[in-house]
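Inspection log for the structure reproduced underneath, given as structure tokens.
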Amino acid sequence: MRNTIRFGAVAAASALVLAACGTAPEEESTAGGETEAAAESVDFTACMVSDAGGFDDKSFNQSAYEGLTRAESELGIEIVTAESNSESDFGPNLEAQVAAGCDLIITVGFLLSQATVDSALANPDVHYAIIDDLADNDFDGEIDAPNIKPITFETDEAAFLAGYAAASATQTGTVGTFGGLEIPSVTIFMEGYAAGVEYYNQEMEGDVQVLGLNSFSGGFDDQTQGQNITQGFLDQGADIVMPVAGPVGLGAASAIQSAGNSWLVGVDSDWTETAPEYSDIVFTSVLKNIANAVFDTIDETVNSGFSTDAYLGNLENEGVGVSDFAEGTVGDDTLAALDEITAGIIAGDIEASGAE
């Protein structure tokens, strides 16, 4: 069951929301029509605060929410969610979740970093986890509060593979990328993508150009801005574009679909599944397995106790990866090269943030 705290909820209302949470259902229907016992109820409440993209952003907020609901179903816990409409919602939403008695509060994204640290310092008995951030706002190499677990991903490793493949598949010799905001969890995709193109150029004596490495839409909401940026890339000859901008990427997809001769690289989740209306233009998606990371973090906390040890998703532990390529776009030679590159990145012989 999904329970939602909206911005502005007071503590009493939060408590009522939590009280309304039912236990996990005793039975679930299987595909064959039979029933099986669901997870036994556990006295544990996991909570989540989205960033301004919301839980239906077809990107990282949605993936995080899927991990939360999986934990609800499989672990028998209760869940509470708070959807933010703007940065001003972060603090009040966190306060509401503390008031609701959450055992673990997971915040989604770099933009919630300071609000998460502030809440954690004010509530030392509550456990927190934050996705895509180290909770190190003073950059001293240490977590800013002793009760926060960072959940991070080396997405440049997977984006490197997508960039190499895009360079092999482009028909124009030009590809593009842009971000929502110039923040580490966004630029790591763009840097890896560009490094993959550069590596292709080195290995295959190519001359593929990357547009947009300094292009940002200014946020994660304005789909028209994503459409305009992408149209500019298409006008300059780009035929494969990777938007790293949450829902703004849907605007990019619209421009690409209208063009009829170009491809989109999705991010965070497999866009053929999360945005099926654009499945015909998805070249591949750079996968950040946030749902698995969220589930594993909750599972660990419920069964083994809370730990501030950072979760790091990478190619080696399959915390990041790429989805299947569009049929007919990537040849067998490139697929074989990608296997070798993956092994090289894992071994440390290839640097994903910049070709050597």
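FYI, it's all coordinate maths here, none of it is from the lab. Just so you know, these numbers come straight off a predicted model, no measurement behind them. Positions of Cβ are backbone-derived with ideal geometry, glycine not excepted, and every protein chain shown enters the neighbour counts.
The order of the peptides 344-350, 170-176 by mean Cβ neighbours within 10 Å, most packed first, is 170-176, 344-350.
Dividing the summed helix terms, -39500 (n - 2.57) for each DSSP H run of n ≥ 4, by the number of residues in the chain produces a 222 nm estimate of -12500 deg cm²/dmol to the nearest 500. Along the axis of the charge dipole computed for the chain (Cβ charges of +1 for Lys and Arg, -1 for Asp and Glu, origin at the Cα centre), the listed residues S285, Q97, T342 are led at the positive end by Q97. Each part gets one Cα centre, and for the stretch 286-304 versus the stretch 116-195 those centres are 16 Å apart. Fully extending the segment from A347 to T172 would add 59.7 nm, taking 0.36 nm per residue of separation and subtracting the current Cα-Cα distance. Considering only E198, E182, E142, the mean-square fluctuation computed in a Gaussian network model of the chain, springs between alpha carbons under 10 angstrom, is largest for E142. Segment E142..D207, full-extension length gain: 19.3 nm, with 0.36 nm per residue of separation and the alpha-carbon distance subtracted.
Using the average count of surrounding beta-carbon atoms within 10 Å as a protection proxy, the listed peptides 200-206, 129-135 rank, highest first, as 129-135, 200-206.
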